[in-house]
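Engineer: Here it is, the structure in full.
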Amino acid sequence: MSHSPRRTALAFVLLTQLAGAVAAQHAQVSALAVDPLDPRRVWVCNRDNDSVSRIDTLTGAVVQIAVGVSPRSLAVTPDGGRVLVANQRGNVPLEVNFVTPFSGNEMRGTVSVIDTATNGLLTELVDVGTEPYGLAIAPNERWFAVSGFRSGTIKFY
């Protein structure tokens, strides 16, 4: 079966465009992120102990920062000054679910904001949707978006 050169070129262009879209889609939704200003500094979600680690790949030094329950993904601001962390369960412990009744005070998803200069938690955003999953930060850092997996929402801040 032979293909025309035009059809082959069109297929190549489409595949290239799709590959770029797929790469861009996952550029900021990750459990691991590299600081854009210091590539030896890597940030990682620790789902098992509700924390984020900052790893210095040159020295091996690790700093652990407590965040919400089940951190799912994170994103570093373009200036490297902040790390945003989507905490899938917010403040709901893993053993609490629909079988073990909720108290009504649960936040079923939060976003932690970390100051990279101090490695301290600046704030915890609570109205982010149920089970936040993805984060995207605008290149100018004026806003960011968070997707709520269970709520089917995208919220802008």
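Engineer: Could you list, in sequence order, the residues of the range 111-152 that are under 15 Å from the mean Cα position of the chain (by Cα) and of a type in the set (Val, Ile, Thr)?
Structural biologist: Val111, Val113, Ile114, Val128, Thr130, Ile137, Val146
Engineer: So, one more: Which of (1) part of a strand (DSSP E or B); (2) of a type in the set (A, V, I, L, M); (3) open to solvent by 50 Å² or more (accessible area, probe 1.4 Å) does Ala33 not meet, given it meets every other one?
Structural biologist: Against the list (1) part of a strand (DSSP E or B); (2) of a type in the set (A, V, I, L, M); (3) open to solvent by 50 Å² or more (accessible area, probe 1.4 Å), Ala33 comes up short only on (3).
Engineer: Taking Arg47 as the residue in question, decide whether it is open to solvent by 50 Å² or more (accessible area, probe 1.4 Å) and closer than 18 Å to Thr123 by Cβ.
Structural biologist: On the way: open to solvent by 50 Å² or more (accessible area, probe 1.4 Å): yes; closer than 18 Å to Thr123 by Cβ: no.
It is false that Arg47 is open to solvent by 50 Å² or more (accessible area, probe 1.4 Å) and closer than 18 Å to Thr123 by Cβ.
Listed here are the residues, each with its yes/no results for (1) open to solvent by 80 Å² or more (accessible area, probe 1.4 Å); (2) of a type outside the set (Asp, Glu); (3) in contact (Cβ under 8 Å) with a residue 12 or more places away in the chain.
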| position | (1), (2), (3) |
| --- | --- |
| Arg82 | yes, yes, yes |
| Val85 | no, yes, yes |
| Gly90 | no, yes, yes |
| Glu95 | yes, no, no |
| Gly109 | no, yes, yes |
| Gly134 | no, yes, yes |
| Phe144 | no, yes, yes |
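Engineer: I'm checking my understanding of the structure. Among residues of the range 70-80 that are in a strand (DSSP E or B) and open to solvent by 20 Å² or more (accessible area, probe 1.4 Å), which one is farthest from Gly148 (Cα to Cα)?
Structural biologist: First pass over the range 70-80, keeping only residues in a strand (DSSP E or B): 70-76.
From what is left, the residues that are open to solvent by 20 Å² or more (accessible area, probe 1.4 Å) are 72, 76.
Details: Arg72: 12, Val76: 19 Å.
Residue satisfying both the conditions and the ranking: Val76.
Engineer: Out of the residues in the range 111-132 that are acidic (Asp, Glu) and in contact with a strand residue (DSSP E or B) (Cβ under 6 Å, 6 or more places away or on another chain), which is surrounded by the fewest Cβ atoms within 10 Å (Cβ to Cβ)? It would help to see each step written out before you state the result.
Structural biologist: Initially, the range 111-132 is screened for residues acidic (Asp, Glu), giving 115, 124, 127, 131.
Subset that is in contact with a strand residue (DSSP E or B) (Cβ under 6 Å, 6 or more places away or on another chain): 115, 124, 131.
Working: Asp115: 14, Glu124: 17, Glu131: 20.
Result: Asp115.
Engineer: So in the range 81-110, with the set limited to residues that are of a type in the set (S, T, N, Q) and in a loop (DSSP other than H, G, I, E, B), which one is nearest to the chain's Cα centre (by Cα)? Reasoning before the result, please.
Structural biologist: Within the range 81-110, the subset of a type in the set (S, T, N, Q) is 87-88, 91, 97, 100, 103, 105, 110.
With the extra rule that they be in a loop (DSSP other than H, G, I, E, B), the set shrinks to 91, 97, 100, 103, 105.
Numbers: Asn91: 17, Asn97: 24, Thr100: 29, Ser103: 28, Asn105: 24 Å.
The qualifying residue nearest to the chain's Cα centre (by Cα) is Asn91.
Engineer: Could you tell me which residue of the range 50-69 is modelled with the lowest pLDDT, considering only residues that are open to solvent by 60 Å² or more (accessible area, probe 1.4 Å) and hydrophobic (A, V, I, L, M, F, W, C)? First the steps, then the outcome.
Structural biologist: Let us first name the residues in the range 50-69 that are open to solvent by 60 Å² or more (accessible area, probe 1.4 Å), namely 57-59, 62, 64, 66.
If we keep only those that are hydrophobic (A, V, I, L, M, F, W, C) as well, we get 58, 62, 66.
On the way: Leu58: 93, Val62: 97, Ala66: 97.
Checked the range 50-69; the qualifying residue modelled with the lowest pLDDT is Leu58.
Engineer: Examine the range 8-16 for a residue that is among the polar types (S, T, N, Q), at pLDDT below 90 and open to solvent by less than 70 Å² (accessible area, probe 1.4 Å), and state whether such a residue exists.
Structural biologist: Of the range 8-16, the ones among the polar types (S, T, N, Q) are 8, 16.
Keeping just the survivors that are at pLDDT below 90 gives 8, 16.
Checking the rest, the ones that are also open to solvent by less than 70 Å² (accessible area, probe 1.4 Å) come to none.
No, there is no match, as no residue in the range 8-16 is among the polar types (S, T, N, Q), at pLDDT below 90 and open to solvent by less than 70 Å² (accessible area, probe 1.4 Å).
The values are calculated or read from the model by the stated rules, or taken from the named source; none is laboratory data. Keep in mind that this is a model prediction, so the values were computed, not measured. Note: ideal-geometry Cβ built from the backbone for every residue, glycine included; neighbour counts use all protein chains shown. Note: areas computed on protein heavy atoms with side chains; ligands, DNA, RNA excluded. Shrake-Rupley method; radii C 1.70, N 1.55, O 1.52, S 1.80 Å.
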